[in-house]
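Read the structure below first, then the notes.
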Amino acid sequence: MTIFDMHCHLQDTRLKPLLDDVFERALRAGVKGFLNCSTEQNDWEDVLDIALTRLNVIPAFGVHPWYLGNLADDWEMVLESYLNRVPSLVGEIGLDREKDPGNLDMQEEIFIKQLEIAVKQGLPVNIHCRKAWDRLLHLAKPYRKKLAGMIIHSYSGTIDLIKPLLELNAYFSFSLSLTRPRNTRVQKTVCAVPIDRLVFETDSPDIPPYKDGKVDYKVPNEPANILLGLQKAADMRGVPVEELAEQAWSNSIRLLKPYLPKQELSK
Ligand SMILES: [Zn+2]
């Protein structure tokens, strides 16, 4: 099986010291592509370094709605300089009404600025959206035809939102929250996404899987666990996991191909 982890944070301090082992376990599990997302300006350099020194890692540079306070005055210029250095995406960017509803205006302003940068550079975006779907649809609509693509990370929206998001050319990425027995809503949603728009991720080191009867928050999540999510989705959709993995891999490659490093991903 060949699997693409469409959203992880390998630069996180919980994973960085373990990276040799993390990559080895990922490779053994069949994970041969990583979309490694930054969350704030402070980690852009580490994200670049991992992309330059590890195989098959595509970086995404951007500012997550939780970390708007850590931006330098010239952050837009700096962001563009990172995007120009290596084939990359813009991410993780987005809107979050759940965690800190106090700064929504600023969230929207920074989000739009990053959509503009993505359009200018011809790059897809990796989106975080929590309880702000109406605003996402409203703000992203003018960019529908201009954006090179959109991945909704750890999709938590309703089935009804799939159609309007498809009109924005979205791909739907499912995390290991799928594996939690009580999360029947996401398990139903994963069945409703068109097969050619479905991709998978771990959000490592966050969103650990349900394993051995529990979710262990003390152990950092890692890309090798992605198989648990794929297996759950395959069970829910009633298809062999190999078939789903193959489809998800080709979806990832279709979207990311223009941004892959020159040496093609080694399958
Ligand atoms: Zn993330």
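Looking only at residues of region 111-130 that are within 16 Å of the ligand (Cβ to nearest atom) and either over 27 Å from ARG54 (Cα atoms) or in contact with a Pro (Cβ under 8 Å, 6 or more places away or on another chain) (or both), we find that the one that is most open to solvent (accessible area, probe 1.4 Å) is ARG130.
For region 31-50, a tally of residues being over 19 Å from ILE151 (Cα atoms) and more than 16 Å from the ligand (Cβ to nearest atom) returns 3. The requirement of being assigned to a helix (DSSP H, G or I), more than 16 Å from the ligand (Cβ to nearest atom) and out of contact with any Leu (no Cβ under 8 Å at 6 or more places or on another chain) is satisfied by VAL78. For GLY102, the criteria (1) under 30 Å from ASP74 (Cβ atoms); (2) among the small types (Gly, Ala, Ser); (3) open to solvent by less than 40 Å² (accessible area, probe 1.4 Å) hold in every case but one, which is (3).
Quick one: in region 31-61, of everything that is over 17 Å from HIS7 (Cβ atoms) and not charged (D, E, K, R), which residue is least open to solvent (accessible area, probe 1.4 Å)? My answer is LEU48. Listed by first and then second residue, the pairs with beta-carbon distance under 8 Å, at least 6 apart or on different chains, first residue in region 208-230 and of a type in the set (Lys, Arg), second modelled with pLDDT of 95 or more, are LYS211/THR179; LYS211/ASN225; LYS211/LEU228. Of all residues assigned to region 154-177, at least one qualifies as being closer than 20 Å to ILE58 by Cβ, more than 15 Å from the ligand (Cβ to nearest atom) and open to solvent by 40 Å² or more (accessible area, probe 1.4 Å). Of the set (1) within 19 Å of GLN11 (Cβ to Cβ); (2) surrounded by 17 or more Cβ atoms within 10 Å (Cβ to Cβ); (3) of a type in the set (A, V, I, L, M, F, W, C), all apply to TRP133 but (1). When only residues in region 62-72 that are assigned to a loop (DSSP other than H, G, I, E, B) and at pLDDT below 95 count, which is surrounded by the fewest Cβ atoms within 10 Å (Cβ to Cβ)? Out of the qualifying residues, it is ALA72. Counting only helices (runs of 4 or more DSSP H) that fall entirely inside region 98-169 and contain at least 3 residues that are touching a Phe, Trp or Tyr at 6+ places or on another chain (Cβ under 6 Å), no element qualifies.
Each residue in region 143-153 was checked for being out of contact with any Cys (no Cβ under 8 Å at 6 or more places or on another chain) and either within 16 Å of the ligand (Cβ to nearest atom) or of a type in the set (Ser, Thr, Tyr) (or both), and 3 of them qualify. Count of region 178-211 residues, restricted to those that are open to solvent by 20 Å² or more (accessible area, probe 1.4 Å), of a type in the set (D, E, K, R) and either within 15 Å of the ligand (Cβ to nearest atom) or in contact with a Lys or Arg (Cβ under 7 Å, 6 or more places away or on another chain) (or both), is 1. Among the residues of region 1-22, what is the count of those that are within 26 Å of LEU198 (Cβ to Cβ) and either open to solvent by 30 Å² or more (accessible area, probe 1.4 Å) or among the aliphatic types (A, V, I, L, M) (or both)? Qualifying residue count, region 1-22: 7.
The values are calculated or read from the model by the stated rules, or taken from the named source; none is laboratory data. Here the structure is a predicted model, which means the values were calculated and not measured. Cβ coordinates were reconstructed from backbone atoms using ideal geometry, including for glycine residues, and neighbour counts include every protein chain displayed. For accessibility, only protein heavy atoms count, side chains too; no ligands or nucleic acids. Shrake-Rupley method; radii C 1.70, N 1.55, O 1.52, S 1.80 Å.
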